[in-house]
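As structure tokens, the structure follows; a few thoughts come after it.
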Amino acid sequence: MATSENGGDDLKQRTQQSPLASQRAQEQGQAPGRFAQWFPLGAKEGFNQWWAGTSPAATEHRVLSFIPHLQKPPTHHQTGSAPVSAAPSTSDLNAPPHHDEEHVTTTSLNDPHGPRRWNSEMVELGGKGRALNEFSVERVGEDVEHNLVMLHGYGAGLGFFYRNFEALSRARGWKVFALDLLGMGRSSRPTFKIHAKDKEGKITEAENWFIDALEEWRIKRGLDRFTLLGHSLGGYLAVAYALKYPGHLNKLILASPVGIPEDPFAVSEDLPNPEDSTMANEFTQDAAETMNGVKPTTADNNNFLNQRKKAEEAPAKEPPRRRMPGWVTFLWEANMVSPFSLVRWSGPLGPRLVSGWTSRRFSHLPPEEAQALHDYSYSLFRQRGSSEYALSYILAPGAFARSPLIQRIQGVGRQWIQAHDGPTVDGDTPPKKCHSARSKSPAPSAVSATQSSHSSASRQGLREKGIPIIFMYGEHDWMDVAGGFASEEKIKQERERILASATAEEKKKDRGEAKVIIINKAGHHVYLDGWEQFNRVMLEEMADVAHKERQHAG
């Protein structure tokens, strides 16, 4: 690739290698059609990709091959629900074992920051068809003293963190885990069904679907305390986990979390239409323009420089300009369709539809990486539908939470350490013993339940002393940054209220705090758009965890 003297020419040079039809048309002096502008993958390339049906294992392997110093990424073969490829994959999967119960480990020996041990494994959970895809890395020859667990966003997969694994695993004494949420990525995809009849019960059951699986995974891995990072929907679920399973987190990091602000129309008839929803920016905002400081025409102007001012100027509870079409609300509420349903139904057109998102989302990346992420995304999106249908129970049309986190965030780190039915906020007195959880997902095995009770038995009846909570947003994030500032203030007020009558020793031991961090020139996907700054911030927060844990032990 030729090196350009200025950033604009360099970007142009990088995109010339892409096979997208709209770009080829521009190079030939032709104006691309309207469809090609929005869905730029060529018809022939799209058909070939659909016909090949490359497996999620192969596409994940390809994405992880871009991790520095990892010459041969480990990739196990098992995927929760994957159609058989029409053509064999040409990707080198490192000849992993064909037995589902086995896993693949690679040690990067020629590693200036290692050696490190990388592992790919499907972790079986209790019940039929429940397993989580796991990718981990640890330093060889060092004791694991701290653990970081990373959760991706809606419909995505752990491979999206490929630019973070190497940097974060440089931290000494840390083991890094990334998981595919149950029913997403390469994790198993059991049938999603809600049994509750009331509104609150449905929300709780949908949240429990994900976080019960995370808790069972934690027990199987023998982790007592860990740092939890969640992006977007993963951030929402990370908060839910902290509320239902208190006592196991030493820090919570929320990267552009969904569902924090309260919207008066989120559960009413007058819902915001798609044009008014910031969620539309996820599909229209160009990452390359964001990285170069150009404000996209579809951007929400939703950044830290003007967020508080916007909140002050906005009319209180202003109604939407027009109602969302009834058929859209019906399909959403009835759980009859998801964005990935359209990809599956469209057949050979599917790869082209996905390119409408990937061509913008990954436009700032080198073409080889952008292509690998497109292939990875399509291979995941076309899998059998499962927990994607939980979205309508968690979010109302327009991506506003049905149970906003701003109403619950103050409870994180302040819960009573005992069993909970769901992610609800405790009061100042211990709640009554919980009944059987509303979730009808298979319960953890008897062994897991015993381990869970033993691990927290010594802390039963105690209340958490707060945990640090980090809110991370991109400078051009379409997510509501004001929600982070509001949460920071609410957490601060709760801390002051609790410590008002506390002893000097109790105040000294309290760890409750919150802060908002802005990742420069990044959009919603802060870990990828601003990966260098994101990795630096993460390492600083991880070092802070290690320092405070040493102080606590001393």
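Quick notes
- Residue list for region 325-367, filter: modelled with pLDDT of 50 or more and among the charged types (D, E, K, R): Arg344, Arg352, Arg360, Arg361
- Per-region count, region 479-511, residues open to solvent by less than 10 Å² (accessible area, probe 1.4 Å) and either at pLDDT below 95 or under 18 Å from the mean Cα position of the chain (by Cα) (or both): 3
- Screening the candidates Glu134, Glu124 for the property of being open to solvent by 70 Å² or more (accessible area, probe 1.4 Å), at pLDDT 90 or above and touching a strand residue (DSSP E or B) at 6+ places or on another chain (Cβ under 8 Å) yields one hit, Glu124.
- Scanning region 116-170 for residues that are of a type in the set (S, T, N, Q) and not in a strand (DSSP E or B) yields Asn164, Ser169.
- Of the helices (runs of 4 or more DSSP H) lying entirely inside region 502-554, those carrying at least 1 residues that are more than 23 Å from Thr358 (Cβ to Cβ) are 504-509, 531-553.
- Among all positions in region 186-200, there is at least one residue which is without any contact (Cβ under 8 Å) to a residue 24 or more places away in the chain and more than 17 Å from Pro73 (Cα to Cα).
- Listed conditions (1) modelled with pLDDT of 85 or more; (2) open to solvent by 50 Å² or more (accessible area, probe 1.4 Å) are all met by Glu101, apart from (1).
- Scanning region 207-238 for residues that are more than 14 Å from Leu252 (Cα to Cα) and among the polar types (S, T, N, Q) turns up just one, Asn208.
- Taking residues in region 480-505 that are of a type in the set (D, E, K, R), and partners anywhere that are outside any helix (DSSP H, G or I), the pairs with Cβ atoms closer than 6 Å and at least 6 places apart or on different chains are Asp480/Pro261; Glu488/Ala514; Glu488/Val516; Arg495/Gly512.
- Number of residues in region 216-230 that are open to solvent by 10 Å² or more (accessible area, probe 1.4 Å) and on the phi < 0 side of the Ramachandran plot: the value is 6.
The values are calculated or read from the model by the stated rules, or taken from the named source; none is laboratory data. Everything numeric in this text was worked out from a predicted model, so none of it was measured. Cβ coordinates were reconstructed from backbone atoms using ideal geometry, including for glycine residues, and neighbour counts include every protein chain displayed. Ligands, DNA and RNA are excluded from the accessible area calculation, which covers all protein heavy atoms including side chains. Shrake-Rupley method; radii C 1.70, N 1.55, O 1.52, S 1.80 Å.
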